[in-house]
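Since the structure comes first, as structure tokens, the remarks are kept for the end.
The values are calculated or read from the model by the stated rules, or taken from the named source; none is laboratory data. Owing to the predicted nature of the structure, the values given are computational and were not obtained by experimental measurement. Glycine gets a Cβ as well: all are built from the backbone with ideal geometry, and neighbour counts include every protein chain shown.
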Ligand code: IPD
Ligand code: CA
Ligand code: CA
């Protein structure tokens, strides 16, 4: 990759700042630092501190851009561009001292076109990043999507419903089929990291039904820049229209899409 843009440098600086905050508290979180947000949904002081650090670094550098962060920071800028931030993806893992979580930062242009994506896993110090048209990288080394083609060798990532039970049945039916068509499945609890792992070929494919832009924006760019395909469960590549994601290579993406179309007959609008 050539010279990194100011946008990418800023996103990396923000991700590192948030990563340092997570490491200070990982394994040390007390109950008073965890608050319920919704049914089976929690936020911690660490999520909030990460969001404050990221948003201040980004606004300082790009005061005209908009911003949408999971924990409530919303800025309406004039540039037509928007930063989409998950300050801590994998909060439940973090609360339970399960070392699978990351920081996800993306920049989107006016037509939902992804420009920059950064995903940082602080425990392993793995920095995934991509810029539109420049390829995808892990700690400075270019990454590519899996080249596996044999079903019995696939390792797939997914997310399963944990509170919205109305699509549990469809999810289980699809899961059963993917079990037959893979060597193994992981539900590690961080959708952004699942996508980063798909981008670098650790996972051969990934699917999850109900996600928000902050969960997938950076990861979608990583997978595409690594040579993969990403759509929603209807096959639409404009992933910001709905809330479902399928990512993979030219074998796993169609395989997962065919199952999604079969089992998820109604889409989240
Ligand atoms: C969650 C994780 C999880 C996915 C959930 C997300 P959070 O994000 O990405 O893997 O299954 O749908 O909400 O709440 O930890 O930022
Ligand atoms: Ca998330
Ligand atoms: Ca989060």
Hits in the stretch 174-201 - residues which are within 12 Å of ligand 1 (Cβ to nearest atom) and outside any helix (DSSP H, G or I): 186, 187, 188, 189, 190
Residue within the stretch 126-139 that is farther than 19 Å from residue 4 by Cα, in contact with a helix residue (DSSP H, G or I) (Cβ under 9 Å, 6 or more places away or on another chain) and within 16 Å of ligand 1 (Cβ to nearest atom) present: no
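Show me the helices (runs of 4 or more DSSP H) found entirely inside the stretch 1-115 where at least 3 residues are within 25 Å of residue 240 (Cα to Cα). I'd like the intermediate steps shown before the answer.
Details: elements: 6-25, 45-61, 91-95.
Those helices (runs of 4 or more DSSP H) span 6-25, 45-61.
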Residue identified as in contact with a helix residue (DSSP H, G or I) (Cβ under 9 Å, 6 or more places away or on another chain) and farther than 23 Å from residue 195 by Cβ among 28, 33, 71: 33
The stretch 84-114 - residue that is within 16 Å of ligand 2 (Cβ to nearest atom) and free of Cβ contacts under 8 Å to residues at least 60 places away in the same chain and, of those, farthest from residue 19 (Cα to Cα): 96
Residue 123 vs. criteria touching a residue at least 40 places away in the same chain (Cβ under 8 Å), under 18 Å from residue 201 (Cα atoms) and in a loop (DSSP other than H, G, I, E, B): no
Failed item in (1) surrounded by 15 or more Cβ atoms within 10 Å (Cβ to Cβ); (2) outside the structural domain of residue 84 (by TED's automatic domain parsing); (3) not in a loop (DSSP other than H, G, I, E, B), with residue 128 passing the rest: (2)
